[in-house]
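Laboratory data are not the source of any read-out in this text; all were calculated from the coordinates shown. Here the structure is a predicted model, which is why all the values come from computation and not from measurement. Methodologically, a virtual Cβ is constructed for each residue, glycine included, from the backbone with ideal geometry; neighbour enumeration extends over all protein chains shown.
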Ligand SMILES: C[S@@+](CC[C@H](N)C(=O)[O-])C[C@H]1O[C@@H](n2cnc3c(N)ncnc32)[C@H](O)[C@@H]1O
């Protein structure tokens with residue numbers, strides 16, 4: 001997700017250190033006190049905000065690499081006065097090492113950039129090596145939950161060889177939205193209103 005560059009985003013993110021983390025401090029009580037969840041590529045934050053309201057006992061880390069988009073998300077979370085989310089403006093590839101030691105019950109990938117051209121497939125968030133890195137960050141029985149509208153990304157993800165660390169416990173071509181456990185981002189709402197099928201894959205960590 002790329003929008004117009006927002007000049008205010010950088011100072012805004014810097015001025016809200018309680019909400020916006022510049023690095024991971026494992027001893028931070030936020031990471032100690034509750035079940036953890038991670039969204040990679042959280043965009044403008046609609047999904048994480050709804051999930052944090054639905055699961056107030058879970059602590060959510062929302063990772064977004066685009067500075068302006070991250071600013072929009074942080075502003076929204078601050079306005080909603082939701083306290084069980086922390087935001088980080090960073091790329092998963094650059095920060096996953098610093099997450100070692102944190103254990104997430106669930107990692108969410110919602111409508112990740114599909115990089116549809118074959119020559120760009122290594123950039124997809126669901127390459128086997130990235131899924132393996134995510135698996136290392138999961139609790140026992142922790143899950144990676146992936147939703148996409150994109151047929152190429154869906155087929156590519158199904159083909160990834162990750163069976164040493166993850167079991168695919170669910171994959172649906174036409175995922176029926178489950179209000180009781182899930183939330184819709186702006187992307188999902190738009191795609192559904194256009195009648196597009198939403199695909200979903202759930203992996204569980206192998207112990
Ligand atoms: C298509 S948008 C979807 C946003 C949101 N998940 C939603 O459903 O509305 C994908 C987002 O993932 C972010 N992103 C892509 N690769 C990332 C990475 N490696 N680390 C962090 N964010 C990433 C992009 O900047 C973009 O905002």
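If I build a Gaussian network model for the chain, linking alpha-carbon pairs within less than 10 angstrom, which residue out of 85, 107, 24 has the largest mean-square fluctuation? Fluctuation is largest for 24. Approximating the spin labels as points 7 Å out from Cα along Cα→Cβ, the residue 140-to-residue 97 distance works out to 3.0 nm.
For each of 168, 184, count neighbouring Cβ atoms within 10 Å of the residue's Cβ, then give the residues from fewest to most.
By the 10 Å Cβ count, ascending, the order reads 168, 184.
With contacts taken as Cα pairs under 8 Å and at least 6 residues apart, segment 9-205 reaches a relative contact order of 21 percent.
Look at the alpha carbon pairs under 8 Å that are at least 6 residues apart: their mean separation over the length of segment 28-120 gives a relative contact order of 36 percent. With the simple spin-label model, which puts each label point 7 Å out from Cα in the Cβ direction, the residue 78 to residue 186 separation comes to 1.8 nm. Put in line by how crowded their Cβ is, counting other Cβ atoms within 10 Å and starting with the fewest, 167, 106 read 167, 106.
Here is the size of segment 9-205 from its Cα atoms: Rg then Dmax, 16.0, 45 Å.
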